[in-house]
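Remarks on the structure that follows.
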Amino acid sequence: MQETLLQQGTDLMIYGMGTVIVFLTLLVIATGVMSRVMLRYFPDPVAIEPKKERRPSAAGDQVEPRIQKVIEEAIRKHRNSHK
Amino acid sequence: MQETLLQQGTDLMIYGMGTVIVFLTLLVIATGVMSRVMLRYFPDPVAIEPKKERRPSAAGDQVEPRIQKVIEEAIRKHRNSHK
Amino acid sequence: MQETLLQQGTDLMIYGMGTVIVFLTLLVIATGVMSRVMLRYFPDPVAIEPKKERRPSAAGDQVEPRIQKVIEEAIRKHRNSHK
Amino acid sequence: MQNFLRLWHDSGIYHLDMGQGFMMLIGLGLLFLAIRKGFEPLLLVPIGFGCILANIPGAGLSMSAVENALYSGYPEVVAPLAQLLGEQADAGIKALTAAYQQSPAAVQADAYRLATDLGYANGMLYNFYSVAIGSGVAPLVIFMGVGAMTDFGPLLANPKTLFLGAAAQFGIFATVMGAVGLSVTGVIDFSIADAAAIGIIGGADGPTAIYVASVLAPELLGAIAVAAYSYMALVPMIQPPIMRLLTTKEERVIRMEQLRVVSRREKIVFPLILLVLVALILPSAAPLLGMFCFGNLMRECGVVERLSDTAQNALINITTIFLGLSVGSKLAADKFLDPKTLGILVLGIVAFGIGTAMGVLTAKFMNLFVRQKINPLIGSAGVSAVPMAARVSNKLGLEANPQNYLLMHAMGPNVAGVIGSAIAAGVMISIVSSLT
Amino acid sequence: MQNFLRLWHDSGIYHLDMGQGFMMLIGLGLLFLAIRKGFEPLLLVPIGFGCILANIPGAGLSMSAVENALYSGYPEVVAPLAQLLGEQADAGIKALTAAYQQSPAAVQADAYRLATDLGYANGMLYNFYSVAIGSGVAPLVIFMGVGAMTDFGPLLANPKTLFLGAAAQFGIFATVMGAVGLSVTGVIDFSIADAAAIGIIGGADGPTAIYVASVLAPELLGAIAVAAYSYMALVPMIQPPIMRLLTTKEERVIRMEQLRVVSRREKIVFPLILLVLVALILPSAAPLLGMFCFGNLMRECGVVERLSDTAQNALINITTIFLGLSVGSKLAADKFLDPKTLGILVLGIVAFGIGTAMGVLTAKFMNLFVRQKINPLIGSAGVSAVPMAARVSNKLGLEANPQNYLLMHAMGPNVAGVIGSAIAAGVMISIVSSLT
Amino acid sequence: MQNFLRLWHDSGIYHLDMGQGFMMLIGLGLLFLAIRKGFEPLLLVPIGFGCILANIPGAGLSMSAVENALYSGYPEVVAPLAQLLGEQADAGIKALTAAYQQSPAAVQADAYRLATDLGYANGMLYNFYSVAIGSGVAPLVIFMGVGAMTDFGPLLANPKTLFLGAAAQFGIFATVMGAVGLSVTGVIDFSIADAAAIGIIGGADGPTAIYVASVLAPELLGAIAVAAYSYMALVPMIQPPIMRLLTTKEERVIRMEQLRVVSRREKIVFPLILLVLVALILPSAAPLLGMFCFGNLMRECGVVERLSDTAQNALINITTIFLGLSVGSKLAADKFLDPKTLGILVLGIVAFGIGTAMGVLTAKFMNLFVRQKINPLIGSAGVSAVPMAARVSNKLGLEANPQNYLLMHAMGPNVAGVIGSAIAAGVMISIVSSLT
Ligand code: NA
Ligand code: NA
Ligand code: NA
């Protein structure tokens, strides 16, 4: 508590920046290990799923792209005009 | 307050289960009376409405089922892909 | 604090209604000045925008009106039936 | 057997008194009006339901922990509380609760802690009320949402209609005088704060009325809110006869020319102009109008659409639910069944009538000076009751001439009325707090 | 160097004890069950995550400011607090926290102020718990949302199924006796309040269980909530063997005739009937069932769709997030790692089993009297666990006869079970508070 | 007449001083930057509006009940408060408010109760601040929402980029030294807590900056938040010159190979790994990073979509509205118009510059060791300012070579920077509380 402000600032910098670097280094290591373990032993089922938000649809999954584009546009307009 | 824990538990069971049964019996009776009164004296206007959430639409209420299916599918995809 | 209730009520009416009128008169004046300044010196860019909520769409802005009507109807039904 | 007695003592029928039963019927009546007749259902459904909950005998949902403890009647509970409040233990429930409410905040805090130590808790609706209305936040959040839903375009296209919004506020102040009159003549005893809170019913604006009542006369809040929302729903019945009486057929057919298009930038700057005026002239209106302008700025500025959407939907809906239940909690029998309530209901409808009349008459008066005549039917929209009053103006206009669409013209005074009542609210809070 | 020591003293590893490490594994296990096995993920994901957060060593996220100050161990902090609590400064952390928890509310308030003056603050999860569960509001808001999502149509079409919802509540009271038995035989020491809170697991209804536990036995809340939600997720494994054991093939193939169409007005009036019955008979169930009926009325009345939507979406989701984290905060090692937890887990599954059995047996018993036979498979749905239990009934019906769709028939007892447990909750709170 | 005087005394013009007028212009300026120039409008619109509200003369919206009572100046109000605070009644408003703020919590509570008894209430913005920021909840909820919006895919595909996120945090600590330097040389007097709170501006992360400032230096919060958000908006102007100065054309055209696809399970496990590391190493970062990981887990786990949606929409929007207004409330003239503010603004931009430079230089340094070269332009994205900084990297990459898309590569250091600043925040809170 008797340290000068300058000493406090220096300490804060050294220990602070040190912790940030140590922590993120550990995170790099842990992430690397985790990724290797997951890809090796627990791969996603059925290859990689296209996107989690795409729920399986009942049937007739394919919509003609042009129509879909038209529809998406219509939806956007619909939403804007009904807000 | 001087009762034993066992006595308290027994009381809780008897009065508790009793209340549940009495209450739900009264609810069965009240519900039955209510339903008969409502159906007799206050039937829904215009027969029974198909579903409260279906608001009357302005015009052209009918959409070809196939198109609607396509559109619904498109909407679902649109939503998922834009989340 | 010694005034009668009647006096208090009268005061409240006179000063209250007076403030309302003065305030809204100032607002009429300020609004008029503002509108003239804005229209003269800071008009909306590119004439008047059709509606702020209409975000520019990527491409193919036009959807055939009949189709749009069908789609909007479908969307409304879809929403209602999926609530 | 003891348990059976306990259950029986806890049961509602044991505790039911006439007043509570009557209030539960009132609650059902409000629900009927809201659901079947479409009376402002967004507020009256929660209010009506809250009214029923508040009057469940023995549940104490609308009472504080201290009141619940006092109502228990157990001497070992009442005695220490009475001592703390400086009263005799046998002073009676009325005297004790009155003593509690008039105690300094420090004593109230001690009493609350004692009551919780004795096992009593605030009722659910009491907590809702404290958080939503006691703190003042709910009406302000609703006002922000209303601001985010309000289009000032018609007002900006024709700022003169602000005068109509000013004129209609006379209903507020005339009602204050009415309440004062009832009090002076000894019919019903209203304080000046009561009178001001009742007057605000004439503003025809729900959140403003709740805000003012919560500050000036919390014990009248239930009746005032119910009156305000009920009469707002009744606008299509209250206004037309007055409007027909005060206008000639010639006036009703006046065609108003189409409003000019208002630029986006005008709409962005307007809430800021209004805010600055409030800041300079009437800071006591700053909470209400500040939040209103903030909501409107979010709407118009075009860069915070997600905040504006939330203010208009999730946030205002959540707030409305708890605001409604909280207002309902003030419909407990012992507070509502009082001659004052009758006075409030009578004065409230008078306020609406006077506001309507003043709006119409002011429009006629303005026609003496302006070149482009105003259809006086839009004057009545100055009372607020958005958008009901504007629709009434439109309907009567169409009645007089099937081509005479007044809706957009009436939206100007309609939103002006919201500003006007908020200003009146600020003035009244400012003056009344100096008087008391 | 001093700073380095400080950082090391602050680090989690320095503080980690076995218990916290074990609880973090429990938290990860709950997340695994929720994410991989689909166990009630909406609650178990936040609960599991909250469990990990609560057991982060040295962070004190689930502790009050006073506890955090006491755990610091600095003599200059502990001594004045101990003095305030009337204990010796060297009484040890356990004695001091116990003294704090048993102090009168006024002393607790003083201790809190002293702790904040000394630089300590409530942990994040402690604040969440106080606001969401301590005040009682979160389970009530969830119940309102559940009400807004519940369709009473199947129940109204066949009100007799309410009896099945009543019968299944016997699981609750049998479990109370079980807990009492464990205590009387000296296995685990439960009070009557503990026993009642544990029994409610048998109600198979999450918010009801949390509400009752928060009132009667807050220190068991974590284990009770985890047991309730886990067993609700396990219903498809717990119920079928019991159902098969108690029914014959002939009973399982009973076809039930299609339910009549229920009118909108019946659906509107039903929550009001239920509310009035609660008000008259069991006011202590009014908070839970009142909010439930309010949600359902908003759903059915058709005029407040935006409020109903919000109650079913934004509001219930927000509340669920904080409720889950708050429940998780009660999974701190020193509270959870206790023989009581094991007892709770065992008693909980017994409760589910007994409730299921009673539902099925009552359906068979009712078949002795009624003309239109009930398929006893729908009896098990009376435990609640909406809609899982109804789906189990349907699945076993289809197993017995591929044309035998029981889903809608099972929804009647399913929602009746929700009402039944809420009633049981009210009775238990009412009786237990009279006993203690 | 007395009323007219009262109204005049209540009016804003009567109270207006230069400082407040100037701050209202600052508020309008922030709105202009947000609306017209697109400077982080989601925060700067509420902050700017809150700034105007906070400086409305005489309204006291950002003051506590006690401050409002003291500012009233009425001797009958000031005297008893001064006595309670242990000051002379004529000590002056500055001394009295300072005495109030330094009083123990118990005295503050007594003063609050006395002020309410005297008819004064907390200002609206003061209440917003207490609930949203004083309790610490709003920045945490925002962080949860940000977590639910963050895709760690690019980071997981190339974890080395975490080093860039670490390096850029040097801006934080260099700024701490800068603030200390200003203080030591006597230019502006900053404490070590002030210096730490100012340094966090270099983290280029709004909620982190607000969280740290609310803990370490609440009176500087307004200036720090405004600086943080303004400079984040200015990233496209601040970073490019530094990036161009420190890189050669050859370095800027380095093509990075396409990122590998990251599996869903990796994305689910990552937030848990991060959480466990925080728990073991730096518990003081647990609130911020815990909520961040919780949001991200909700996003990725795929079974609580409705909670994730709400965290990303209704909940974060509601919180943003109140957070912004609360930050604005700290822009009251008497707090903001101070040489410290100028120091904060200067130090803040230096922090951004140093962080940017360190990110770029570290990328170049890493290229000495790794086989697959990193384009140093993505180093600047390590300051956070998601996603602006990543877009800047992309833009400069395209400038150097029209086929060189760096956006996804820059997202890695970009989100790493968020983690890095939260770690830095935890360290600083931990060390500074040990120093003071
Ligand atoms: Na009005
Ligand atoms: Na149940
Ligand atoms: Na950062």
A correct fewest-to-most ranking of F:THR362, A:THR10, F:THR175 by other Cβ atoms within 10 Å would be A:THR10, F:THR362, F:THR175
Between the alpha carbon centres of the stretch D:182-221 and the stretch F:75-112 the gap in Å comes to 34 Å
With label points set 7 Å from each Cα along the Cα-to-Cβ direction at F:LYS364 and D:MET149, the distance between them in nm comes to 5.9 nm
Extension length gain for F:ARG244 and F:GLN102 (0.36 nm per residue less Cα distance), in nm, is 46.2 nm
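By its C-alpha gyration tensor, with a ≥ b ≥ c as the square roots of the eigenvalues, how is chain D shaped: rounded for a/c under 1.5, else prolate for a/b larger than b/c, else oblate?
On the way: a/c = 2.16, a/b = 1.95, b/c = 1.11.
It is prolate, given that a/c is not under 1.5 and a/b is the larger ratio.
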Per the C-alpha gyration tensor (a ≥ b ≥ c, the square roots of its eigenvalues), the stretch F:127-211 is rounded if a/c is under 1.5, else prolate if a/b beats b/c, else oblate; here it's oblate
A correct Karplus calculation of ³J(HN,Hα) over the stretch D:200-213, with 6.51 cos²θ - 1.76 cosθ + 1.60, θ = phi - 60°, whole Hz and x for Gly and Pro, returns 5, 4, x, x, 6, 9, x, x, 4, 4, 5, 4, 5, 5
For the stretch E:171-185, in residue order, the Karplus 3J(HN,Hα) values (coefficients 6.51, -1.76, 1.60; θ = phi - 60°; whole Hz; Gly and Pro = x) are x, 4, 6, 4, 5, 4, 4, x, 5, 4, x, 4, 6, 5, 7
Shortest first and in nm, the label-point separations between F:ASP334 and its counterparts in the other identical copies (7 Å out along Cα→Cβ) come to 4.2, 4.2
Going fewest to most other Cβ atoms within 10 Å around each Cβ, E:SER64, D:SER183 line up as D:SER183, E:SER64
Checked against the positive end of the charge dipole of the stretch F:90-200 (+1 on Cβ of Lys and Arg, -1 on Cβ of Asp and Glu, about the Cα centre), the farthest of F:PHE152, F:ALA115, F:ALA99 is F:PHE152
Of the residues E:ILE254, E:VAL418, C:ILE14, the Cα lying farthest along the dipole of the protein assembly as shown towards its positive end, which is defined by charges on the beta carbon of Lys, Arg, Asp and Glu, belongs to E:ILE254
Diffing the stretch D:319-329: the Karplus 3J(HN,Hα) column from phi (6.51, -1.76, 1.60, θ = phi - 60°), in whole Hz with x for Gly and Pro, holds 5, 4, 4, 6, 4, x, 4, 5, 4, x, 5
For peptide F:267-273, the mean count of other chain Cβ atoms within 10 Å per residue Cβ is 5
To the nearest 20 debye, chain D has a Cα-centred charge dipole, built from +1 on Lys and Arg Cβ and -1 on Asp and Glu Cβ, of 1840 debye
Put in order of increasing Cβ neighbours within 10 Å, starting from the fewest, E:SER72, F:SER380 give E:SER72, F:SER380
Computed for the stretch F:154-257: size of charge dipole around the Cα centre, +1 on C-beta of each Lys and Arg, -1 on C-beta of each Asp and Glu, debye to nearest 20, value 440 debye
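Treat the stretch D:222-315 as a sphere of radius equal to its Kirkwood radius over Cα pairs and apply Stokes-Einstein at 20 °C in a medium of 1.002 mPa s; give the translational diffusion coefficient in µm²/s, rounded to a whole number.
Numbers: Rh = 17.2 Å.
Taking Rh from Cα pairs, D becomes 125 µm²/s.
Can you compute the FRET efficiency between E:ALA95 and F:ALA91 using 1/(1 + (r/R0)^6), with r the Cβ-Cβ distance and R0 = 41 Å? Round to the nearest 0.05. Working shown, then result.
Working: r = 44 Å, r/R0 = 1.08.
Rounded to the nearest 0.05, the efficiency is 0.40.
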F:GLU219 and E:GLN403 label points (each 7 Å along its Cα→Cβ direction) are spaced in nm at 8.4 nm
FRET efficiency (C:THR4, D:LEU342; Cβ distance; R0 35 Å; to 0.05) is 0.90
In the stretch E:251-322, the GluC sites (Glu not before Pro) that sit in a DSSP loop and have at most 11 other Cβ atoms within 10 Å of their own Cβ are E:GLU257
Each residue of F:56-68 has, on average, a number of other protein chain C-beta atoms within 10 Å of its C-beta equal to 3
GNM on chain F, Cα springs under 10 Å; top mean-square fluctuation among F:GLY382, F:GLY165, F:GLY426 goes to F:GLY426
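Using +1 on the beta carbon of Lys and Arg, -1 on that of Asp and Glu, and nothing else charged, what's the dipole of the protein assembly as shown about the Cα centre, debye to 20?
Values: 108 positive and 99 negative charges, 1351 e Å.
My answer is approximately 6480 debye.
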Between the residues D:ALA59, D:VAL187, D:GLY302, the Cα farthest towards the positive end of the dipole of chain D, that dipole coming from +1 and -1 charges on the beta-carbon of Lys, Arg, Asp and Glu, is from D:GLY302
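Would the protein assembly as shown count as rounded, prolate or oblate if I go by the C-alpha gyration tensor, calling it rounded below 1.5 in a/c and otherwise prolate when a/b exceeds b/c, oblate otherwise?
Details: a/c = 1.21, a/b = 1.00, b/c = 1.21.
Note, shape of the protein assembly as shown comes out rounded.
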Summing -39500 (n - 2.57) over every DSSP H run of at least 4 in the protein assembly as shown, dividing by its residue total and rounding to the nearest 500, the 222 nm mean residue ellipticity is -22500 deg cm²/dmol
Per residue of E:318-325, other chain Cβ atoms within 10 Å number on average 5
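Here, each number is a calculation from the coordinates, and none is a lab measurement. Everything numeric here is computed off the predicted structure, so don't read it as measured data. When we count neighbours, we look across all protein chains shown, and the Cβ atoms used for this are built from the backbone with ideal geometry, even at glycine.
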